[in-house]
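The block underneath contains the structure these notes are about, expressed in structure tokens.
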Amino acid sequence: MKRRIAISVALLALSLAAGCSGYRPAPPAFHAALTKPYVLDSGDRVRVTVFEQEGLTNVYSVDQAGYIAFPLVGAIAARGHSAADVEAQIASKLQNGYLRDPDVSVEIDRYRPVFVMGEVGAAGQYSYVPGMTVQKAIAAAGGFTARANQGSVDITRDINGKVMTGRVQTSDPVLPGDTIYIRERFF
């Protein structure tokens, strides 16, 4: 009887501890964001090619305001737009008095970084590479510490201008700009 009470108390304590930890499973939008076209934001760098226009072909960074400063036409809105959207904007503006039929191509040159915090060897900012998973990001940050909870991690992600946090498995994909937090285990 005493053993059953002790087990019940232990289970109750564990469930309370789990409740206090602020567990938030990943919202459906987390996984839906993985299948949508990549949208640009501050920290991204794009390679713009304007065929037969060497002076316009270059690598451009998306600034803090979310724009690309492009020669001749000025600021191009990039935040929240795909590379194809930016292509269309540049071509449209170049067609208005600069080039007759511009052939523009935009591709991602460098993605914005991911941030790894918590119980890892070297918390910090790391370069994103396509196909990166939580586990690969943790490996880049020096791996788990001895105190790390290795079962799941929290990711904070900006989805359509709304910042969301959810708990995911270490095998889940990471997106550019994600903040990964590895919690400390209790036992």
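The values are calculated or read from the model by the stated rules, or taken from the named source; none is laboratory data. Keep in mind the model is a prediction, meaning the values are calculated, not measured. Heads up, the Cβs are rebuilt from the backbone with ideal geometry, glycines too, and the neighbour counts pull from every protein chain shown.
Among the listed residues I90, I180, I155, I138, which satisfies the condition of being under 27 Å from L56 (Cα atoms) and not in a loop (DSSP other than H, G, I, E, B)?
One residue alone meets the criteria, I90.
Being among the acidic types (D, E), touching a residue at least 40 places away in the same chain (Cβ under 8 Å) and within 18 Å of D158 (Cβ to Cβ) is the filter here; which residues of region 78-136 pass it?
none
Only residues that are assigned to a strand (DSSP E or B) and either closer than 16 Å to T49 by Cα or in contact (Cβ under 8 Å) with a residue 40 or more places away in the chain (or both): list them for region 59-73, please.
Hits for region 59-73 are V59, Y60, S61, I68, A69, F70.
Within region 64-74, does at least one residue satisfy the condition of being under 20 Å from the mean Cα position of the chain (by Cα), hydrophobic (A, V, I, L, M, F, W, C) and either crowded, with 17+ Cβ neighbours inside 10 Å or modelled with pLDDT of 90 or more (or both)?
yes
Restricting attention to region 97-124, which residues are in a loop (DSSP other than H, G, I, E, B), among the small types (G, A, S) and within 17 Å of the chain's Cα centre (by Cα)?
Once the filter is applied, which keeps residues that are in a loop (DSSP other than H, G, I, E, B), among the small types (G, A, S) and within 17 Å of the chain's Cα centre (by Cα), region 97-124 yields only A123.
If we keep just the residues of region 169-186 that are under 14 Å from A26 (Cα atoms) and more than 14 Å from the chain's Cα centre (by Cα), which is surrounded by the fewest Cβ atoms within 10 Å (Cβ to Cβ)?
Filtering first and then ranking leaves S171.
Yes/no matrix, rows are residues, columns are (1) among the aromatic types (F, W, Y); (2) in contact with a Lys or Arg (Cβ under 9 Å, 6 or more places away or on another chain); (3) modelled with pLDDT of 80 or more; (4) farther than 21 Å from G80 by Cα:
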| residue | (1), (2), (3), (4) |
| --- | --- |
| A26 | no, yes, no, yes |
| V46 | no, yes, yes, no |
| T49 | no, no, yes, no |
| G55 | no, no, yes, yes |
| Y60 | yes, yes, yes, no |
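Could you tell me which numbered condition Q89 fails, if it satisfies all but one of (1) closer than 18 Å to P37 by Cα; (2) surrounded by 18 or more Cβ atoms within 10 Å (Cβ to Cβ); (3) within 23 Å of the chain's Cα centre (by Cα)?
Only one criterion is unmet by Q89, namely (3).
Which of the residues that make up region 143-157 are within 26 Å of S42 (Cα to Cα) and surrounded by fewer than 16 Cβ atoms within 10 Å (Cβ to Cβ)?
If the condition is that a residue be within 26 Å of S42 (Cα to Cα) and surrounded by fewer than 16 Cβ atoms within 10 Å (Cβ to Cβ), then T156 is the only one that fits.
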